[in-house]
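The values are calculated or read from the model by the stated rules, or taken from the named source; none is laboratory data. Predicted, not measured: the structure shown is a model, and the values here were computed from it. Neighbour counts are summed over all protein chains in view; Cβ atoms, including those assigned to glycine, are modelled from backbone coordinates with ideal geometry.
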Amino acid sequence: MESAKYVSQKVSKARWRPVSSSFLQQPEIFATGSWDNEENKISIWSVGNYENSGLEDGFEGDPQLICENKHDGDVLGLQFLDQERIVTASSTGAVTIFRHHHNSQTISVSQQWVKAHHYPCDNAPCTAVVCSSPEIITVGEDGRIIVLRADQDCMAQVIENADSSTIHAVTYLRTTEILTVNSIGQIKLWDLRQQSNSASQILSLSGDRVPLYCIDRHPNQQHIVATGGQDGMLCMWDVRQGSMPSSLMEAHSAEMWEVHFHPTNPDHLFTCSEDGSLLHWETSSHSDMPSFLQGSRNSSVTSRSAMALAGGNQSLISAWLNGDSSKSRLETTHMLPSQTLSVNSLDVLGQCLVCGTDGEAIFINKQVPV
Amino acid sequence: MQNISGIRPGKRMGFAWGPGDILVYETQNKASGRRSCAFIHVVRKDEDIYSPILRKLFNESHHIFVGLQTIKDDLPSKSKKPQFVSISRNYRSVIRACMEELQQAAVSANDTDMATQYGNQVSILLAIELIWNLCEVLFIDAAPAGSLLLHLLDWVRLHKSDVDEKAKGVLQSDSPAEHRDYWDVVCVLSYVLQGRLEDTRKMLMKQAMLQPAAKSMYKLMDSLLSKMPFYNPGGTQTLTEFDVKWRNWHEEVDRYLKDNSFASNQHLEVICKILLGDEDVLLEHKELLSTWYYFLITRLLYCHPTVKPTELHYYAQSSMMMFLDSGVPEPLDSILLAAFEFDIHQVIKDCSIALNNWWFVAHLTDLLDHCKLLQSHNLHFGSNLREFLLLEYASGLFTHHSLWQCAVDYFDHCPEFGRVYLELQIERVPLDTERKALKVLRICEERQMSEQVRSICKIMAMRAVRNNRLGSALSWSIRAKDAAFATLISERFLQDYCAKGTFSDLDLIDNLGSTMLLSDRLTFLGKYREFHKLYGEKCFSDAAKLLLSLMTAKIAPQSFWMTLLTDALPLLEQKEVIFSAEQTYELMYCLEELTSSLITAASGSVIIYCRFHEDVEVTKVEMLRLALARNLASAIVKEGTMQT
C-alpha cells in the first residue's frame, strides 16, 4: 500500500536516516533533495506515528516536513554521513555538508567545497557522492574522483582525468577500493591506496557501450555488484571473475536511475527508472520445488546469462549471479500503484521504502515484504 | 492593472512578449536626452504556477488527466458514466485539498499581503469547485427529473456548510431554544431552506418543550414536516406517482395555512409559507439565502420538485432576476446561469475570460469531451475546442522551469497539433546537467523526434568537446548515431596524438568495441591504437599487416599516411625482415601515391596533420625510399632462399 505525498518540488534524491542497530526500530526520518527548481531545497521529513500506538496499522498519515534549507543547484547526490550530517552533491560542482540540529529542528550548512568539480572555465556538476564517515568520495561530469574528509577543508586526494567521460555513480567495494561507472558503459575499480591515475581494473559489456547510471554492491558477498544503465537492463557482475557481466536481466523500458540491495536481507533488490516504475526483485534458490507448488508468482522477467559460470561448486554461487535460470527463481513486483513520471530515487531500510518522483510526489511504504 | 515596481511613473515603456511573460523596459526619451534605467523587468502573467501549494494541484490533476486518457474507448459512453463521475470527483477532491491547505496558510501567514493573496486564491478555488460541481451534476451525471433536484440539493448543501457550524453553536449552548440564532438556524437558514426536514423537526422539538401551551401547533408542524415526500430514485415509485403524492401534501399544507392554524406563532407561519414555496417570503430572507442559486434550488424544492433539466433555465433566469436587485450579474453568476441553460460552450468561454490560467477550462473541457458532450465543431485553425484549450494550458506549463515535464503528457493527447508544439517547445528546455539532457532525450526518443534528438546530442557533444571531455562527446554522438560528429572527435584525438606523440584517454580508445563502426575515422583510430598495442607487445608481423591494411583498405585518411609510413620505418629497419616483398611493393605504391597527391594538393584544403617544411619532407621521403629498397632486397633474398 502506497500513499503519495505531493511536495511541490521534483524529488531527485531520497534517503533514510540510518537507525542505530541496537534498537531494531524502523526508520522514521528521511531526507530529500530537489532538482530543476529556481530555488532547490534539501528537506528533512518524519514518518513516525506519534499519536497512534497501534503497531499493526503500519504507516499512518503523511510524512511531515521537519525542516528544510536552500540548496544551490540541483541535488544530484545525497547521503547521510552520520545521524546529524548530510552530504550533498550539487549541479554547480559543490559538495556540501549540512548539519541537522535536533533540538532546534533546523538545518544549516556546516562545510562546503564550492568548486570541487569544475572544468577549466566552467562549472561541472558533481554527479554522485558516497561516504563512510569521515571519508567522502565524490565524482562528477568532469571525470574527477575526489576524496574528502569531513572537518578538513583541503582535499585528501584528487584523481584528475580519471575518466574521459562522465562518471555517474560510485560505490565502495572495500574500505580502500571503489567502483565507478561512466557514460561508456565501463565499471572501473580504483585502489585509493595506490595513488595512481589509472584504474586497477576495467569491466565492460561487449557489444553496445550503454552508459551506466547506478551501481550497488552486495552487502555480504563483496564481489557481487549490480548495475543499471540507459537501456534499463539490470546487470550482475562478479568482479573477481573476468571482465564481463555474469547475468543480464531486462528490467525497465527506460533509464534505470538507482539500484539498491536490501542492506540486511540481500536476497532482495530494488530498482527504479525513468519509465515510472519501481521494481522489487527477490531471488531464491529453492530449485528443487516445482514452480506450481511455490504459490502465485508475479510477472517474472526474461533474462539471459551472458556467460556460463565456469566450474566451481554451484550451490555456493549466489543466486544473483545465476539470474533467472533453472538454478534459481527470480520474482519481480511493481511497487507503485500506477504509472507516474520518472522515479528518480529510492531507499530501503528495514521494512521501509521511500522513493521520489518527477511528478513531485514522495511514496512511502512501511510494510515491504522482506 | 498594476504599477510595475522599478519603472518610474510617467516613463515610456517598451515591451516584448515571451511565452508566458512580458519583458518590460524603460525607453529612452530622445528629446530630453536623459539616461533611462538599465533594468529589464519580467512581468509574469500567471502567478499561480509559481505558488507552491497550487503546484500540488497541477501535479495531482496531471495524474488524474493521464488516467482519464487511458480509459478505453470501446465501451459505450453510457456504461462509462460512473467512471467519469468518479474522475470528476477526484478532480474536485484535489481542488478541495488545495483549498484547505491554502486556508491554513492564510490563517498562519505572518504578513497581511500574503494572507490576502492566499484568501483570494481560496475564493477563486471555491468558485471553481462550485462551477465544476454544478457541471458534474448537470452534464456528466445528467440526472433526469426527480433525481435532478436531489443532486442539486446536495450541491447547494455542500457549498453552504456554515449552517452546521452555527447549529453546533446553538446546540452547545445551555438552552438552545432561547439562543438568539435558534430561529435563524431552524426557521429559515439551512434546515428548511435546504430541505433538511429531519433536522428541522429535532430542533423544533426543543422549542416545543418550552411552550407546552402551543403543543398542538408544534405537533401539527411536525407531522407536516414528516409527511413531505422526497423522490427515491432507486425505489419503485414512478415520477408521476411521486408528483401526485407531493401535490396532495402541498394542498394539505396550504389548507392548514389558510385555516390560520399557525397564525399565533409568527415563526411557524413563516416555515409554513416556505413549505408552500412562497417566493416573497423566501426573498425576505435574502441574507440567509445569500445567493440566487440557493434561492433557485429552494424555490424548486418547494414549488416544482419534479423539474426537468430542460426547464431549469427558465427558473434560473427568473430566480436570478428576482434575487439580484442591481441587475448586474457577477461573472460567477453568468457562468452558473449558462450552466443551468446547458450552454456548455458559454460556460467554458466565460470561465476562460474570468480566470487567469487555463487549468480549469482545459481539464473540464477534456472531461466533457470524453463524455461526448461537446459538439465537435472545428475552430478556425483546425483543432477542436478541447485541443485548443489543452494546448494553451500545456504551453503555459512549459514556460515553468519545473512543470514542463507534466506538459509533455498533455501535448501527447492532442492528436492534431500536440506533436508540433512539443517539438518546438522541447528544444528550448535549458540543459544544465547531463541528467536533465538525458530525460529530455528520453522524451524525444519515445516519440521518434529524431531531429530534436540529434540537435540535443549535438549541443551536449559540443559542450563536452569544448571542455575537453572527449569520452562524453563520443557517447553523445553514439546516442545520436551522428557519424559526422564522431569523425570530428576522432580527428581531435588524432591531432592530439600528432601534437603530443601519445594518445590521451586510452581507456576510451582501447575499449571502443562495436562503436568503432559508427564512423570511418573512428574505426581508423581504434585500429591505429591496436597497431600501437601490437607494436608494444612486439608482435611485429601482425602489426605490419595491420599497418598496411590501414592504407590499402583506405581506412586511414590519406593525410595521415605520412605518419603511418613513418611508423613503418622502424619495422623496415629491423634486422629481421618483417614486410614481405609483396607488402613492400604495396608500401612503395602507397608512398608514390602520397607524394604525387601532395604535389598536386600543395595548396589545397586537405587537412595536413603533420606540418613540415619542404626539406624535412624531402628527407623523410628519401629515407623511406631507401629503407623500402633495402627491405625489398632483403625480402627477395629471403623468399628466394631455399630453407635447408
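Restricting attention to the stretch B:497-534, the residues being within 21 Å of B:ALA484 (Cα to Cα), more than 11 Å from chain A (Cβ to nearest Cβ) and among the hydroxyl-bearing types (Ser, Thr, Tyr) number 4. Going by the conditions given, is B:LEU547 in contact with an Asp or Glu (Cβ under 7 Å, 6 or more places away or on another chain), modelled with pLDDT of 80 or more, surrounded by fewer than 19 Cβ atoms within 10 Å (Cβ to Cβ) and not small (Gly, Ala, Ser)? Criteria not met by B:LEU547. Within the stretch B:286-305, residues that are under 17 Å from B:LEU276 (Cα atoms) sit with their Cβ atoms under 6 Å from residues that are in a helix (DSSP H, G or I) and among the β-branched types (Val, Ile, Thr), at 6+ positions apart or across chains, in these pairs: B:TYR294/B:VAL156; B:ILE297/B:VAL156.
Taken across the stretch B:95-117, residues that are touching a residue at least 60 places away in the same chain (Cβ under 8 Å) and assigned to a helix (DSSP H, G or I) do not occur at all.
Counting only residues that are at pLDDT below 70 and either within 14 Å of another protein chain (Cβ to nearest Cβ) or closer than 18 Å to B:SER395 by Cβ (or both), the stretch B:30-46 holds 3 of them. Have a look at B:LEU102, B:LEU125 and point out the one that is buried (at least 18 other Cβ atoms within 10 Å of the Cβ), farther than 21 Å from B:ASP412 by Cα and in contact with a Phe, Trp or Tyr (Cβ under 7 Å, 6 or more places away or on another chain). It is B:LEU102.
To keep it simple, each residue is scored yes or no on (1) surrounded by 18 or more Cβ atoms within 10 Å (Cβ to Cβ); (2) of a type in the set (Asp, Glu); (3) not in a helix (DSSP H, G or I).
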site: B:SER334; (1), (2), (3): no, no, no
site: B:HIS363; (1), (2), (3): yes, no, no
site: B:LEU367; (1), (2), (3): yes, no, no
site: B:LYS372; (1), (2), (3): no, no, yes
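Taken over the stretch A:122-144, the criterion of being in a strand (DSSP E or B) and either aromatic (Phe, Trp, Tyr) or more than 13 Å from chain B (Cβ to nearest Cβ) (or both) is satisfied by A:VAL129, A:VAL130, A:CYS131, A:SER132, A:GLU135, A:ILE136, A:ILE137, A:THR138.
Screening B:ALA464, B:ALA473, B:ALA394 for residues that are more than 9 Å from every other protein chain (Cβ to nearest Cβ), out of contact with any Pro (no Cβ under 9 Å at 6 or more places or on another chain) and not in a loop (DSSP other than H, G, I, E, B) leaves exactly one candidate, B:ALA394. Annotation note: Cβ proximity below 8 Å between a residue of the stretch A:338-349 that is within 12 Å of A:LYS13 (Cβ to Cβ) and away from chain B (no Cβ under 11 Å) and a residue that is buried (at least 24 other Cβ atoms within 10 Å of the Cβ) and basic (Lys, Arg) (sequence gap 6+ or interchain) occurs for A:SER345/A:LYS13.
The residue of the stretch A:350-369 that is surrounded by the most Cβ atoms within 10 Å (Cβ to Cβ), among those that are more than 12 Å from chain B (Cβ to nearest Cβ) and over 18 Å from the mean Cα position of the chain (by Cα), is A:LYS366.
Does A:ASP275 qualify as being over 28 Å from B:MET516 (Cβ atoms) and either within 14 Å of chain B (Cβ to nearest Cβ) or in a strand (DSSP E or B) (or both)? Yes: the conditions hold for A:ASP275. In this structure, is B:THR502 out of contact with any strand residue (DSSP E or B) (no Cβ under 9 Å at 6 or more places or on another chain) and in contact (Cβ under 8 Å) with a residue 12 or more places away in the chain? Judged against the criteria, B:THR502 is not a match. The single condition among (1) within 14 Å of chain A (Cβ to nearest Cβ); (2) of a type outside the set (S, T, N, Q); (3) within 28 Å of A:GLY276 (Cβ to Cβ) that B:ALA486 does not meet is (3).
The residues listed here are A:ALA169, A:ALA156, A:ALA162; of these, the one that is in contact with a strand residue (DSSP E or B) (Cβ under 9 Å, 6 or more places away or on another chain) and away from chain B (no Cβ under 14 Å) is A:ALA156. Residues that are crowded, with 23+ Cβ neighbours inside 10 Å and within 25 Å of A:LYS13 (Cβ to Cβ) are absent from the stretch A:240-248.
Scanning the stretch B:397-454 for residues that are of a type in the set (Ser, Thr, Tyr) and part of a loop (DSSP other than H, G, I, E, B) yields B:THR399, B:SER402, B:THR433. The residue that is nearest to the chain's Cα centre (by Cα), among those in the stretch B:439-461 that are within 14 Å of chain A (Cβ to nearest Cβ) and touching a residue at least 24 places away in the same chain (Cβ under 8 Å), is B:ILE443. Taken over the stretch B:417-438, the criterion of being within 14 Å of another protein chain (Cβ to nearest Cβ), crowded, with 21+ Cβ neighbours inside 10 Å and in contact (Cβ under 8 Å) with a residue 12 or more places away in the chain is satisfied by B:GLU434 alone. Does A:LEU189 satisfy the criteria of being touching a residue at least 12 places away in the same chain (Cβ under 8 Å), within 11 Å of chain B (Cβ to nearest Cβ), in a strand (DSSP E or B) and of a type in the set (A, V, I, L, M, F, W, C)? Against the criterion (touching a residue at least 12 places away in the same chain (Cβ under 8 Å), within 11 Å of chain B (Cβ to nearest Cβ), in a strand (DSSP E or B) and of a type in the set (A, V, I, L, M, F, W, C)), A:LEU189 does not qualify. Looking across B:LYS81, B:LYS56, B:LYS72, one residue alone is surrounded by 13 or more Cβ atoms within 10 Å (Cβ to Cβ) and away from every other protein chain (no Cβ under 11 Å). It is B:LYS81. Where strands (runs of 3 or more DSSP E) fall entirely within the stretch A:71-121, those with at least 2 residues that are surrounded by 22 or more Cβ atoms within 10 Å (Cβ to Cβ) are at A:75-80, A:85-90, A:95-101.
Among residues that are over 22 Å from A:LEU212 (Cα atoms), of a type in the set (Ser, Thr, Tyr) and touching a residue at least 60 places away in the same chain (Cβ under 8 Å), B:TYR410 is included.
Conditions (1) at pLDDT below 85; (2) at negative phi; (3) part of a loop (DSSP other than H, G, I, E, B); (4) in contact with a helix residue (DSSP H, G or I) (Cβ under 7 Å, 6 or more places away or on another chain), marked per residue:
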{"residue": "A:LEU321", "(1), (2), (3), (4)": "yes, yes, no, no"}
{"residue": "A:SER326", "(1), (2), (3), (4)": "yes, yes, yes, no"}
{"residue": "A:PRO337", "(1), (2), (3), (4)": "yes, yes, yes, no"}
{"residue": "A:SER345", "(1), (2), (3), (4)": "no, yes, no, no"}
{"residue": "A:LEU353", "(1), (2), (3), (4)": "no, yes, no, no"}
{"residue": "A:GLY356", "(1), (2), (3), (4)": "no, yes, no, no"}
{"residue": "A:PHE363", "(1), (2), (3), (4)": "no, yes, no, no"}
{"residue": "A:VAL368", "(1), (2), (3), (4)": "no, yes, yes, no"}
